[in-house]
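Comments concern the structure below.
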Amino acid sequence: MDFKKAASEILEYTGGESNVKEAVNCMTRLRMEVVDLEKVDLSKLELIDGVITAQIRNGQVQVIIGPDVYEVLKEFPDSISQSIEGVTEISEDEVQESTSDSTGKFKPVDFAIRTFSGFFFPVILALGGAGTLKGILAICTSAGWVTPENPTYEVLNTLGDSVFYFLPMFLAVTAAERLRTNKFLALILAGALMYPTIINGAAQVAEGGPSALDIFGIPVPLLSYSSSVFPIILSVISLKFVYDFLDKFVPKALEYVVTSTVSVFVVGVVMFTVLAPLGNYIGIGLTEAFSWLYSVAGPIASMVLAGVFPILVMTGMAHALIPVMLNNIANLGYDFFLLPFMITCNINMGVAALAIALKTKKSKMRALGVSTGLTSILGISEPAMYGVTLRYRMSFVAVMIANAVVGFCCGIFGVKGYQLVGSSAFHFVTWIGPEGLTNLYFAIATIAIGAVVTFVLTWILTSKKALEEE
C-alpha cells in the first residue's frame, strides 16, 4: 500500500485539504471532521487501494483502513489538525458541531460517549502492557517457577501493578487533555488522592482507626482511591469549569498566582469532601448493581451483551464500557462484565471472515477474508466486520448468534477476566488469576464453542448466490 498516494486520494475525495478540519485515528479508522459533508464522495473513497470501506457517522467521515491507518495519517499535510489514538485537540465549538445532528441539535449521548472514550482510549496501551506482564507472572506462579516471595516476582509485579495502582494519575492527564484544561493542575488533584496521608489513613480505617479527617470542620472521609476511576474524572471536570470561570476575570499576569492557586484550593476542597467520596460510592454502586444483575440473570445478561458486542464496536460504544471493566477490576480484582468474552468475540469475527474466504470463488474476496480474518483473531475486528461480514449480512448475524452462545457459556461457567490486556488471541493471560488455571480452561472451551458455531452458521446462512452477486 502506497501510504502517501492513499492519503492524497482520501483528501481529494473528502473535498480537498481545505474541507478537512481535523483528522484522528483509532486502531483501524481514520476519522475526519469536515466543513461540508456534501463534498465527500464515499463511493470513490471505497475504491482507494488499502481502504476497506468508508462511511459518514455522527457527523464524521470515517475511512476504515486497518492497522496501517496511522501510516496514512502521517502523510496528511501539517495544515490539518491531527490527533493520534483518539486524543483530540479541537475547540469547544468544533466539539459542539461534531456531536450535533444535521439540524445543529446537540446530541448529549454522542458527546458523552466520545468524551469518555477520549479519557480511557489513550491509557489502553499502558494497561495492555502492564496487564500482560501480570498475566505472564500469573502463569509463572501457577507453573511453580516463581513464588510471590521471590524478589524477582516482587519487582516485576510492581511494574505490572503500577499503572493500575496509580490509574488516577493517568486519567488526570487524559481527562485534562480531552477537556482542554491544565493537566498539571489535574495531576495535583490526582497526587492528592494518592498521597500517603489519604492512602495510609484508609488502611488504618480498616484496622479500626479514625474514619475521617476534616477541613474547616467539614469531614474528609478516608477512602482508598488507588485504582479508582470516577473520583478523579469528577474532579477534573470540576477543575475545567472553575479554571475557565476564573480565566475570564483574572488578568493573565496573575494567572500563575491567582487562577492556579484558587483552582487547586476550591476544587481540592470540593474533591476531598464531596466529589471523591461520591465517585467512590458511584464505583461501588455500579459494581454491586452489575453483580446483582449477573447473580439474578447471569447467563442471560452475558448472552445479550456478547450478542450485541459487534454493534457496540461498530458504533464506538464499546470504549464507553471501559470504565465499568476497570471499576470491577479495582473493586473485585476481576471483571465479569465484558472481559470474559471480548477476545472470543473478536475470534468469532475472524472465523466468519475465514469461512467466507473458503466458500467464495472470487480471489479478491478470498484474500480479503483471509487477511482480515487473521487480523481479527489478532485483536482488531473492524476490517473483518466492515470488509467482509457486513458486506454479507447473514455472516454478521451468524457472528452475533455465536457471540450470544459464547456469552451464555461464560455466564454458565463463571468465566472472569483479571487484566485489561487487549482483545487478541495472544492475550489469553486475561483469564489467568490467582485461583489457578481452571478459569482459563473454561475460557478456552468458550473459544472452541464460539468458533465452531460461527463457522457452521456462516457457512449455512451465507448463500452462494450472495457470494456470486458480490
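Values for this structure:
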{"item": "Residues GLN55 and SER226, FRET efficiency given R0 of 51 Å [Cβ-Cβ distance, rounded to 0.05]", "result": "0.80"}
{"item": "For the range 291-308, Karplus couplings with θ = phi - 60° (6.51, -1.76, 1.60), whole Hz, Gly/Pro x", "result": "4, 5, 4, 6, 6, 7, 9, x, x, 5, 4, 5, 5, 5, 5, 5, x, 8"}
{"item": "Rough spin-label spacing in nm, given labels placed 7 Å along Cα→Cβ, for LEU332 and ALA289", "result": "1.5"}
{"item": "For THR53, distant residues with modelled amide H under 5 Å away", "result": "ILE64"}
{"item": "FRET efficiency, ALA448 to ASP78 (Cβ-Cβ, R0 56 Å, nearest 0.05)", "result": "0.70"}
{"item": "For the chain: rounded, prolate or oblate by the Cα gyration tensor [a/c cutoff 1.5]", "result": "oblate"}
{"item": "Sequence of ARG391, ARG178 once ranked by neighbouring C-beta atoms within 10 Å, starting from the fewest", "result": "ARG391, ARG178"}
{"item": "Cβ-Cβ FRET estimate between LYS465 and LYS248, R0 fixed at 56 Å, reported to 0.05", "result": "0.30"}
{"item": "Residues PHE170, PHE337, PHE290 arranged by fewest to most Cβ contacts within 10 Å", "result": "PHE290, PHE170, PHE337"}
{"item": "Stretchable slack from MET394 to ARG180, in nm (0.36 nm times residue separation minus alpha-carbon distance)", "result": "72.7 nm"}
{"item": "Segments 420-427, 448-455 sorted - mean Cβ within 10 Å per residue, highest first", "result": "420-427, 448-455"}
{"item": "Counting all C-alpha pairs of the range 308-469, share separated by more than 24 Å (%)", "result": "31"}
{"item": "5 angstrom amide H check on ALA212, placed H, neighbours 5+ away", "result": "LEU222"}
{"item": "Helix-derived mean residue ellipticity, 222 nm - over the chain, DSSP H n ≥ 4, -39500 (n - 2.57), to 500", "result": "-19000 deg cm²/dmol"}
{"item": "Mean Cβ neighbour count within 10 Å, used as a protection proxy, ranking 39-47, 376-384, 405-413, 322-330 highest first", "result": "376-384, 405-413, 322-330, 39-47"}
{"item": "Under 5 Å, built H, 5+ apart or other chain: amide partners of LYS21", "result": "GLU33, VAL34, VAL35"}
{"item": "Fewest-first ranking of ILE10, ILE432, ILE237, using other Cβ atoms within 10 Å as the exposure measure", "result": "ILE237, ILE432, ILE10"}
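Read-outs: derived from the displayed coordinates by stated rules, not from any lab. These numbers were taken from a predicted model, which means no experiment stands behind them. Cβ coordinates were reconstructed from backbone atoms using ideal geometry, including for glycine residues, and neighbour counts include every protein chain displayed.
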